[in-house]
Structure formats: structure tokens, C-alpha cells
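Here the structure comes first, spelled out in C-alpha cells, and everything after it is commentary.
The values are calculated or read from the model by the stated rules, or taken from the named source; none is laboratory data. As the structure is a prediction and not an experimental result, all values here were calculated from the model. So basically every Cβ, Gly included, is an ideal-geometry build from the backbone, and we count neighbours across all protein chains shown. Calculation scope for accessible area: heavy atoms of the full protein, side chains included, ligands and nucleic acids excluded. Shrake-Rupley method; radii C 1.70, N 1.55, O 1.52, S 1.80 Å.
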Amino acid sequence: PRGCARRCPKDAQKIIIGAHMDTIVGINPKGETPGSDDNASGLAILIELAKIIGAKSLTFDHTLEFHAYAAEEVGLYGSLALAQQYRRENQQVRAMLQLDMTSYSYDPKAKTIYLITTDTSAILRRSLMDLMNTYLGGDYQEMALTLGTSDHKSWTNQGYPAAVSYTHL
């Protein structure tokens, strides 16, 4: 139930998978903008996950939420508003995974997934590495962000464990 104290039933604990879509030309009107990769690629994965889960009638121990945010590039406004609301309501978020720029690389043969260390949970990154080793052959690399951030930071700043993956940096 909403606002339950330390020991919530598993179905009251949320797992959030998020992505955003908000490429804007205003940042660099004469140059390139990230286009559909920032971040329609993350949204496409989000939608595909929802379709697969629905088609297979999968169930989980925890409530699974899919979030699509706006205004990431101008201040994380969409994810920040929601993360702050969840904190005010004492919503129990067990983990948040941000999918960002998931389908692009300068090298089309590259398959590396980058797990970002900036503003993320080391425990969640370790879990993701274990999953990747088991199911994807472990083609990943940990890396700090050197410019900007993504919606995972909104959740981290509210005290929730978060992780983010990229295929392009």
C-alpha cells in the first residue's frame, strides 16, 4: 500500500523502467541534434518490453511501471516531478532503470552496453552485470558521464536506487 513503512509487501514495491523523448533543436540550432536516438530508442525498448510482458501474460513479485518522460534535456523536469511526487507519497521504489540512447554507436559492429557510474547504485550495476554475463555474454563497460546526465538522477536524488544503460557515449 502507498506509504507503507519499512516492510512493504512485495507487490507494493515498484520496479521502474524509464526512457524519455525530447530532442530539441534550440540547444544547437545549426548543428546536429541526437534525433530519434535520444531517446526514441529507449522508448522503443520500453514499448517492446510492455508488449512482450502482455503477450506472455508474465507476472512479477513487484509492481512493474514503465515511464516515458519529457524535458530531460532542459532539466530532467518530467522525471524530477514524478520522483518528487513518489517521495512525498513515500512510494516504495525498489529499483529504477533508465534506458538512454540504446540503439546507436559510431561503430555499427560495436555491441558494448555502457553502465553509467555517475549518480547510480553500485548494487544495481552489479545485478545488471550479472544479468549481462548470463544472457548477453558480458559485453559491457562501466563508465562515468562526462557531460550531462539522464532521468536516473532524479530518482537517485530522491533516495531511490537507480541505474542507466547506454550503447553510445
Per-region count, segment 118-169, residues aliphatic (A, V, I, L, M) and surrounded by fewer than 17 Cβ atoms within 10 Å (Cβ to Cβ): 10
Every residue from segment 69-82 that is within 19 Å of Gly42 (Cα to Cα) and open to solvent by less than 60 Å² (accessible area, probe 1.4 Å): Tyr69, Ala70, Ala71, Glu72, Glu73, Gly75, Leu76, Gly78, Ser79, Leu80, Leu82
Flag for Asp107 being among the acidic types (Asp, Glu), part of a loop (DSSP other than H, G, I, E, B) and over 13 Å from the mean Cα position of the chain (by Cα): yes
From the options Phe60, Phe66, residue that is farther than 11 Å from Asp151 by Cβ, in contact (Cβ under 8 Å) with a residue 12 or more places away in the chain, open to solvent by 30 Å² or more (accessible area, probe 1.4 Å) and under 17 Å from the mean Cα position of the chain (by Cα): Phe66
Scope segment 91-117; condition charged (D, E, K, R), open to solvent by 30 Å² or more (accessible area, probe 1.4 Å) and touching a strand residue (DSSP E or B) at 6+ places or on another chain (Cβ under 8 Å); matching residues: Arg94
Flag for Arg88 being in contact with a His (Cβ under 8 Å, 6 or more places away or on another chain), open to solvent by 80 Å² or more (accessible area, probe 1.4 Å) and at pLDDT 95 or above: no
Residues satisfying the stated conditions in segment 90-124, i.e. of a type outside the set (S, T, N, Q) and under 13 Å from Gly159 (Cα atoms): Val93, Arg94, Ala95, Met96, Asp119
Complete set of residues in segment 114-148 that are modelled with pLDDT of 90 or more and hydroxyl-bearing (Ser, Thr, Tyr): Thr117, Thr118, Thr120, Ser121, Ser127, Thr134
